[in-house]
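S.K.: Got a structure here, written out as structure tokens. Questions coming.
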Amino acid sequence: MRDACLIMVDIQNDFMPGGALAVPQGDEIVPLANRLATRFEWVVAAQDWHPAGHTSFASAHAGRKPFETTRLSYGEQVLWPDHCVQGGEGAAFHRELALERVQLIVADTGVGVPDRDKIRIFEPYFSTKRGGTGLGLAIVNSIVAEHQGFLRVEDNVPQGTKFIIYLPMYRADYAGTALSS
């Protein structure tokens, strides 16, 4: 769907059967999320991430158990089992979640880039700026291409320019070893 966004929240290992904060049949959402994602131009996948020892974890409160409550400075807090800890396998997206690419959008509200220049702005040494080297976007484009991605430029309606960087999703285990998607 154009001009629509699918937001997927917390489709992570710790919320799946066998995870630290498992949702019964939580893994059944993965095929549905994958099918829905193919129908949207924009897909956002949000992750729950906590530092080790987070104040919402029961383990951070001596003698307390998960799902008990405690009073903190902001009010009543449910104490959770340790889950989705940064750098842990539980925080990773479910392996079957089809996240094929990521996008980074950089936009401004300046004067924009004329259409005649859009086809040249990624060429080395092309610049419309007085004293410009014309290397910035050429270098960015080269780095993105080295990572099997691509860069697109378009108008930022109602004013300015938008650069969209597309990169393939890279999955790794938490030792840094590449995994197949």
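S.K.: Go through the residues of region 64-78 one by one and say whether even a single one is touching a Ser or Thr at 6+ places or on another chain (Cβ under 9 Å) and charged (D, E, K, R).
M.R.: yes
S.K.: Looking at (1) polar (S, T, N, Q); (2) surrounded by fewer than 16 Cβ atoms within 10 Å (Cβ to Cβ); (3) under 14 Å from L99 (Cα atoms), find the lone condition where Q12 falls short.
M.R.: Condition (2) is where Q12 drops out.
S.K.: Of L21, L79, which residue is touching a Lys or Arg at 6+ places or on another chain (Cβ under 9 Å), modelled with pLDDT of 95 or more and crowded, with 18+ Cβ neighbours inside 10 Å?
M.R.: L79
S.K.: Another question about this same structure. I'm trying to understand the selection: among the residues of region 37-52, which are surrounded by fewer than 15 Cβ atoms within 10 Å (Cβ to Cβ) and either within 18 Å of Y74 (Cβ to Cβ) or in contact with a Pro (Cβ under 9 Å, 6 or more places away or on another chain) (or both)?
M.R.: P51, the sole residue that qualifies.
S.K.: Taking into account only those residues within region 24-38 that are within 16 Å of A98 (Cβ to Cβ) and either among the small types (G, A, S) or in contact with a strand residue (DSSP E or B) (Cβ under 8 Å, 6 or more places away or on another chain) (or both), which is modelled with the lowest pLDDT?
M.R.: Going through the qualifying residues, I end up with A37.
S.K.: May I ask you to list pairs of residues, at least six apart or on different chains, whose Cβ atoms are under 8 Å apart, with the first in region 114-141 being under 18 Å from Y166 (Cβ atoms) and the second being charged (D, E, K, R) and in a loop (DSSP other than H, G, I, E, B)?
M.R.: Hits for this filter: A138/E123.
The values are calculated or read from the model by the stated rules, or taken from the named source; none is laboratory data. From a predicted model like this one, the values you see are computed outputs, not experimental measurements. Reconstructed Cβ throughout: ideal geometry from the backbone, glycine too, with neighbour counts over all protein chains shown.
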